[in-house]
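Notes follow the structure.
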Amino acid sequence: MLIVQKYGGTSVGSIERIKAVAERVARTKRDGNDVVVVVSAMAGETDKLISYAREISPSPPDREMDLLLSSGERISAALTAIALNELGVKAVSFTGRQVGIITDKAHTKARIERITAERVEEALRKGFIPVIAGFQGITETSEVTTLGRGGSDLTAVAVSAALGADLCEIYTDVEGVFTTDPTIVPEARKLEKISYEEMLELASLGAKVLQTRSVEFAMKYSVPLVVRSSFSDKPGTLVVKEDRDMEKVVVSGVAYDKNQSKITILSVPDRPGIAARLFKSIADENIVVDMIVQNVSSDGKATDISFTVPKPDLQKAVGIVEEIVKELGAKGLSVDDGIAKVSIIGVGMKTHSGVAARMFETLASHGINIMMISTSEIKISCVIESKYTELAVRALHDAFGLSAQG
Ligand code: ADP
Ligand code: ASP
Ligand code: MG
């Protein structure tokens, strides 16, 4: 088999951990498999580099951030290759550029356009284990880019698709995908398998165990994916195509996201084209707007528009909105940084009713106010005050029977 193994930050978080990773990789190779390794930066490294830059400038240029952040993964890739060689296993490390991971120009959240992977194939042919620095790529004009936070997952999935790997294993610090974040709800259960669709919702609603784009990519190219722990030999969670059994469970997971902020524009003229003008300008800056709430104006003249954006994009978004407030003659804008989004996810929602009512009742019975709501076929999300996040997640996890043995 050809197996791509991705090791996250905690899994390569120290020299001891890197040696343990090398042992596991060597074992997989000894078992008769071809192995390609993708590594993240050592735990905390990316955050440390970001904080260095912020100490110098409140808004460092995105291009420079990419060059800076890509260094974290280079360090762990080289160290892992050194550890493998020390075990007598031939290994060679590669940067994103050497692997031919070509991306668009959207610095700090670039999209992969194609992968050539020739050097990886050549290394495999010669019996080497390629160790790829995750999270990074290169534009057509040789600018270094990064793939968004958690982007090493995407490197692993994209490389798996490019090489036609038999399996992509994501090694992390928990034993798989759980009904909710096991670090805040100890009763959370590990799922044996989950559909791509549900995993996509869980990830995009905040469960950082897999990066959202990596799941999108895996679904599109049917990459067989498993999430498991680098600290044990337990089997982990398979991410697979939806099957009939899955619809029997109404809610299969609860997610939370504290990484959004809410912007409200006060008294915007109520006429056609306003929302289009606003959201076009924000999209042009590559900012992804999540929830939007606009009320009907009571007098037909003016209304408020609220929406959420990722916290790292808040300053940029406020800059754009301030211009538009002036241009449209709106009354002003307000920003709320203390929000969180809690969501329930399940393909079974398609065929069960009363799910939203139970969610709202559960939050109400804990005195938690709902500020925004959004729904899709397989999820319901509520924006609440961020100080209630853990309480809300635990309450919802209980209310939908996820803690019980099942
Ligand atoms: P890595 O560094 O290996 O990429 P991450 O920190 O990005 O690891 O992702 C793993 C973390 O995801 C876990 O430690 C856990 O706190 C968090 N997490 C959130 N939701 C879930 C979930 N539903 N199942 C498993 N882990 C989750
Ligand atoms: N090191 C990057 C981050 O912390 C990418 C990753 O870990 O996947 O976001
Ligand atoms: Mg991660």
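The values are calculated or read from the model by the stated rules, or taken from the named source; none is laboratory data. Keep in mind that what you see is a predicted model, and the values were worked out from it rather than measured. Cβ placement follows ideal geometry from the backbone for every residue including glycine, while neighbour counts extend to all protein chains displayed.
Looking at Thr95, Thr46, Thr103, just one residue is within 16 Å of ligand 3 (Cβ to nearest atom) and at pLDDT 95 or above, and that residue is Thr46. Figure legend. Inter-residue proximity from the range 269-290: first residues on the phi > 0 side of the Ramachandran plot, second residues surrounded by 11 or more Cβ atoms within 10 Å (Cβ to Cβ) and of a type outside the set (Asp, Glu), beta-carbon distance below 8 Å, spacing 6+ or different chains. Indicated pairs: Asn286/Ala106; Asn286/Lys109.
When Ser76 is tested against the conditions (1) under 21 Å from Leu167 (Cα atoms); (2) within 16 Å of ligand 2 (Cβ to nearest atom); (3) surrounded by 24 or more Cβ atoms within 10 Å (Cβ to Cβ), the lone failure is (1). Annotation note: of Glu285, Glu197, Glu216, the sole residue that is more than 19 Å from the chain's Cα centre (by Cα) and among the charged types (D, E, K, R) is Glu285. Set side by side, the residues Ser51, Ser76, Ser71, Ser93 differ, and just one is assigned to a strand (DSSP E or B) and of a type in the set (Gly, Ala, Ser), which is Ser93.
The single residue among Thr155, Thr180 that is more than 14 Å from ligand 3 (Cβ to nearest atom) and in contact with a helix residue (DSSP H, G or I) (Cβ under 9 Å, 6 or more places away or on another chain) turns out to be Thr180.
Note on the range 143-180: residues that are in contact with a Cys (Cβ under 9 Å, 6 or more places away or on another chain) and surrounded by fewer than 24 Cβ atoms within 10 Å (Cβ to Cβ) total 1. Taking the conditions (1) among the hydrophobic types (A, V, I, L, M, F, W, C); (2) touching a helix residue (DSSP H, G or I) at 6+ places or on another chain (Cβ under 7 Å); (3) at pLDDT below 95 in turn, Val215 satisfies each one other than (3).
Only strands (runs of 3 or more DSSP E) whose full extent lies in the range 106-216 are considered here, and the ones with at least 2 residues that are without any contact (Cβ under 8 Å) to a residue 60 or more places away in the chain and away from ligand 1 (no atom under 16 Å from the Cβ) are 112-115, 136-138.
If you go through the range 58-74 and keep only what is of a type in the set (S, T, N, Q) and either modelled with pLDDT of 95 or more or touching a Ser or Thr at 6+ places or on another chain (Cβ under 9 Å) (or both), you end up with Ser70, Ser71.
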